[in-house]
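Working notes, beginning with the structure itself.
Please treat every number below as a calculation from the coordinates, not as lab data. Model, not experiment: these values are computed from the prediction. Neighbour counts run over all protein chains shown; Cβ positions are idealised from the backbone, glycine included.
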Amino acid sequence: MSRQNAAGVAHEPLTDQLLYNAFPAKDPFPLYAQLRETNPVAWCETGDLGGGPFWVLSRHAEVMAVSTDPATFCSGSGIITFEVGSHYDDPPTMMHTDPPAHTRYRNLVQPAFGRRMVRTLEASTRDAARLLVDALPLDAPVDIVPPLSVPLPVQVIAQLLGLPESQWDRVWEWSEASIPGTEIYNDAERKNALNAEMYTELLRLVEVARETPGDDVISLLAGIELDGDRLSNEELRMFLNQLLVAGNETTRNTISGGLVAFAQHPEQWDRLRADRSLVNTAVEEILRWTTAVIYFVRTATRDTELGGQKIGAGEALMMLYASANRDEAEFGPTADQFDIGRTPNHHVAFGFGVHFCLGAALARLEVAAVLDALLDRGVTRLELAGEVGVSASNIIAGVTEAPMILHTT
C-alpha cells in the first residue's frame, strides 16, 4: 500500500499517534510540540477507524487559515477523521454544513444564544455552581468530577431544554454515548439504545414545543421565523442533539481540566485569590490550556497551499486545536505555561470563523461561576489527592477523575 499521497508527500509516522487506538491521551503535548517543530503540515496516510487519510495542521497559523476560509475548506465531507470522505444527504449536525446552508442555520438559531439569553441564565447558573461547590467537602479528598463538573453543565443544558429533573442523569448518558472513546460509547448495545432514546425524546420535546410553547430554548427555536423560513422538526432535533452533546462534554471537561491546572500551578490560584479581576482572563487561559475539543476536520474544495505544502482538492485536514493553543509562534515563549493573566489570548478552543461555538458565552459563564463559588467559599489551595484519570478519546480531552483536596487553611 502506498505510504504517500497523490502529490508524493510521504506519510509522517508521528501522526499515527493521533489515531483512535494509539492516542497518548495522558500527555499528548510532547507529540504536538514535535509535530510543530519538525512537520507542521504533515500527511497521515493511515486514516482512522475506516476514514480516509488526512493532513495534520499543528500550528496556530494554519488552523486559523483553514477556519477562516470555508469556501476552500468545507465541513460537509466530515468533521471527524473517521468521517473523511463521507457524504450526508441530511447533515448529522449544524457543524457538518457550509454556507449558505450553515448561514441559514446560524441565523435561525443565533437568537436563542445571544447575550440576552445568557443574561437570563446567569443567576440560575451561578446559584447552581454555588450549591454544588458548597456541598463539596473541605480539607478532605474529593473527586470533583461527579459532584461538580458533571452536574453543572447538565443542569444548565437541562434547564435550556426544559427537561424535568428526573431526566438530568440521562443527559449525561446521552452525551457520553455520542463521544468515541468513552466507556458508554465502547459498549455498542448500550450506546445504540441511548442514542435511540435521545432521538425519540428530543423529537418529543420539539413536538410539545410546537403545540404548547413555553419559555425554554426549544420553544424559542421552534418559534423563530425569518422571511417565512423556520426550522423543521428534524432540523430542530439535529440542533438539540448538537447542543446537548457539545455543551455538556466540552464544559464539563473544561471545568475539570481547569481545576486540575490550578492544583498543578498553585501560584496561579494564589494570584486569583489576590486579584479577582483576573477571573475573566483566567477563564480564557483555562479554555486555552484544556482545549476540550482536540480537533475538527475540514476538506479542501480546490487545490491550494498551506505552510509550504500543496493541498489537493478532496484532501482532508485535521485542525489540531490542542496543538495550536500551545504554539510558541502565537503565544510566545510562555506557550507551555499556565498563566491566568495572559493577554492577548487568541486561543481557538471554540474554533473560529463561521463555525465559532454558539455556546461560547454560556461555557465562559459556567467556568467563571465555578471559580467565583470556590473563591467565595474560602478555598485557599487546590491539591491533587491522586492520579488524574483521562478518557482515551482522541476527539475530546476528557477528564474522568480528578481527586483533590480543597484547602481552606
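Per-structure values
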item: Using θ = phi - 60° and Karplus 6.51 cos²θ - 1.76 cosθ + 1.60, couplings along region 208-222 (whole Hz; Gly, Pro as x); result: 5, 5, 5, 7, 9, x, x, 10, 8, 5, 4, 5, 4, 5, 5
item: Positive dipole terminus of the chain, leading residue within Ile179, Asn21, Ala329 (C-beta point charges); result: Ala329
item: Residue (of Thr93, Pro70, Ser58) at the positive-pole extreme of region 27-99, dipole from beta-carbon charges; result: Ser58
item: Region 331-404 and region 300-317: distance between their alpha carbon centers, rounded to Å; result: 32
item: Note, ³J(HN,Hα) from phi for region 267-279, Karplus 6.51, -1.76, 1.60, rounded to Hz, x at Gly and Pro; result: 5, 6, 5, 4, 5, 5, 4, 6, 8, 6, 5, 7, 4
item: Alpha-carbon radius of gyration plus Dmax, which is the widest Cα pair, for the chain in Å; result: 21.1, 63
item: Modelled label reach - Ala7, point 7 Å along Cα→Cβ, region 309-333 residues with backbone N closer than 17 Å; result: 309-319
item: FRET efficiency, Ser277 to Ala22 (Cβ-Cβ, R0 45 Å, nearest 0.05); result: 0.55
item: Point-charge dipole on Cβ atoms (K/R +1, D/E -1) for the chain, about Cα centre, debye to 20; result: 660
item: Cα gyration tensor, region 76-132 - rounded (a/c under 1.5), prolate or oblate; result: oblate
item: Dipole magnitude of region 179-335, debye to nearest 20 (Cβ charges: Lys/Arg +1, Asp/Glu -1, about Cα centre); result: 340
item: Top positive-direction residue, dipole computed over the chain with Cβ charges, set Ala368, Ile255, Ile395; result: Ala368
item: The chain - percent relative contact order, Cα under 8 Å, separation 6 or more; result: 25
item: Where Rh is the Kirkwood radius over Cα pairs, Rg/Rh for region 85-174; result: 1.10
item: Residue among Gly398, Gly50, Gly351 with the largest mean-square fluctuation in a Gaussian network model of the chain, springs linking Cα atoms under 10 Å; result: Gly50
item: Gained length - Ile224 relative to Arg116, 0.36 nm times residue gap less alpha-carbon distance; result: 37.3 nm
item: Footprinting exposure proxy for Lys310, Lys26, Lys191 (fewest neighbouring C-beta atoms within 10 Å first); result: Lys26, Lys310, Lys191
item: Dimensions in Å of region 1-56 - Rg and Dmax from alpha carbons; result: 11.3, 34
item: Cα gyration tensor, region 22-136 - rounded (a/c under 1.5), prolate or oblate; result: oblate
item: Simple spin-label estimate for Glu267 and Ser232 in nanometres, 7 Å along Cα-Cβ; result: 5.8
item: With at most 15 other Cβ atoms within 10 Å, longest stretch of the chain clear of loop GluC sites (Glu not before Pro) (DSSP); result: 1-182
item: 3J(HN,Hα) from dihedral phi, region 127-140, Karplus parametrisation 6.51/-1.76/1.60, rounded to Hz, x for glycine, proline; result: 5, 5, 4, 5, 4, 5, 5, 5, 7, 6, x, 9, 6, 8
